[in-house]
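Contents: one structure, followed by commentary.
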Amino acid sequence: MAGFGDGAGGQAWHAAGVPADPITLIVGDEELLVDRAVGDVVAAARSADPEVEVIDLAPGGLETGRLAELTSPSLFGGSKVLVLRSSQDLGKDLAAEVLAYVKNPAEDVALVAVHAGGAKGKALADGLAKAGARKIACPKITKMGERIDFVRNEIRRHGGKISADGARNLLDAVGNDLRELAGACSQLVADTGGKIDDVAVARYYRGRAEVSGFSVADKAIEGQLADALEQLRWALATGVAPVLIVSALAQGLRGLAKVGGAPRGARGAALAKELGMPPWKIERVQRQLRGWSGEGVARALGAVAEADLQVKGGAADPAYALEKAVSDIVAARAVR
């Protein structure tokens, strides 16, 4: 998927240092992806010419006539990569100069124009595309599904594999910042050997108490007793308060009850508004609902209510109370 920056690295350069694609247009405002796309062009240039000169310019560093100077042949030879940052901010005269240049680009120069997208400077982006520029899309990643795809692609880039649920749990633990996510993906592959499951995510990102609790809840609700108990023990061993785990179990089951009791005809945004839950979470709960009955959900909620009383002072061993609650939830899933 070129939008994740992995389409730029395959660019081949001729042995003489001449770029096969002399013009590259990078469109979007996702900084990590933009930086990767630029880096891939530079890396491809350096693979052909280790001495390639890289010139990185903001609009303020490009005055009239400067482009002609930078792209003119050097007395000492050699190739160049010229990166124009925030090209949407170039004035009318400078944009016209760039468009005039790309009609007859220099043989030893690779021009990379970075454009944020949108209406500003659109004539320049359109002109570059029309001139045959190779286009790389780096749009802002805002949707949950796109972030999950990013995480899974990142893990794959490093030679690993992760499930969609594992990717969601990593997002819950790390947050939405792409640079932090990329670093977490690289570290997880290095630490686990590449096969990453929910247990591995919980083990390496257990500092977030709420994530550990929700991991236990998800596994219990999905009927995976062994995994739920393993994650419960991890959470308790790393200092997660039993009351937080009970809260996560209760929230997970209440989610089942809300989605299971929703009007049958409600879909998409209307259902999300009705339930006060984001669409991605509704989809996840709908998957978890398979195998549950209304009576089973009610029994599971009763088990959690009992565990809540016990961990708040009614039991000598809160860990045992939680293990029993998890076992009762898994058993309730089978009630018909």
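The values are calculated or read from the model by the stated rules, or taken from the named source; none is laboratory data. Note that the coordinates shown come from a computational prediction; the quantities given were computed from them, not determined experimentally. Every residue, glycine as well, gets a Cβ built from its backbone with ideal geometry; the counts of neighbours run over all protein chains shown.
Restricting the range 225-243 to residues that are touching a residue at least 60 places away in the same chain (Cβ under 8 Å) and within 19 Å of ALA300 (Cα to Cα), the residue that is surrounded by the most Cβ atoms within 10 Å (Cβ to Cβ) is LEU232.
Could you please let me know if ALA137 is in contact (Cβ under 8 Å) with a residue 60 or more places away in the chain and either crowded, with 18+ Cβ neighbours inside 10 Å or farther than 25 Å from VAL38 by Cα (or both)? Against the criterion (in contact (Cβ under 8 Å) with a residue 60 or more places away in the chain and either crowded, with 18+ Cβ neighbours inside 10 Å or farther than 25 Å from VAL38 by Cα (or both)), ALA137 qualifies. Yes or no: the range 97-108 includes at least one residue that is among the small types (Gly, Ala, Ser) and modelled with pLDDT of 95 or more. For the range 97-108, residues among the small types (Gly, Ala, Ser) and modelled with pLDDT of 95 or more: present.
Comparison of ARG36, ARG46 shows that the only residue that is touching a Gly at 6+ places or on another chain (Cβ under 9 Å), in a helix (DSSP H, G or I) and basic (Lys, Arg) is ARG36. Just to check your reading of the model, which residue among LEU253, LEU301, LEU309 is modelled with pLDDT of 80 or more, part of a helix (DSSP H, G or I), out of contact with any Gly (no Cβ under 9 Å at 6 or more places or on another chain) and within 19 Å of ASP198 (Cβ to Cβ)? Sole residue among the options that is modelled with pLDDT of 80 or more, part of a helix (DSSP H, G or I), out of contact with any Gly (no Cβ under 9 Å at 6 or more places or on another chain) and within 19 Å of ASP198 (Cβ to Cβ): LEU253.
Yes or no: VAL259 in a loop (DSSP other than H, G, I, E, B) and either buried (at least 20 other Cβ atoms within 10 Å of the Cβ) or at pLDDT 80 or above (or both)? So VAL259 fails the test. Among the criteria (1) farther than 15 Å from ARG168 by Cβ; (2) at pLDDT 80 or above; (3) in a helix (DSSP H, G or I), the one ARG203 does not fulfil is (2).
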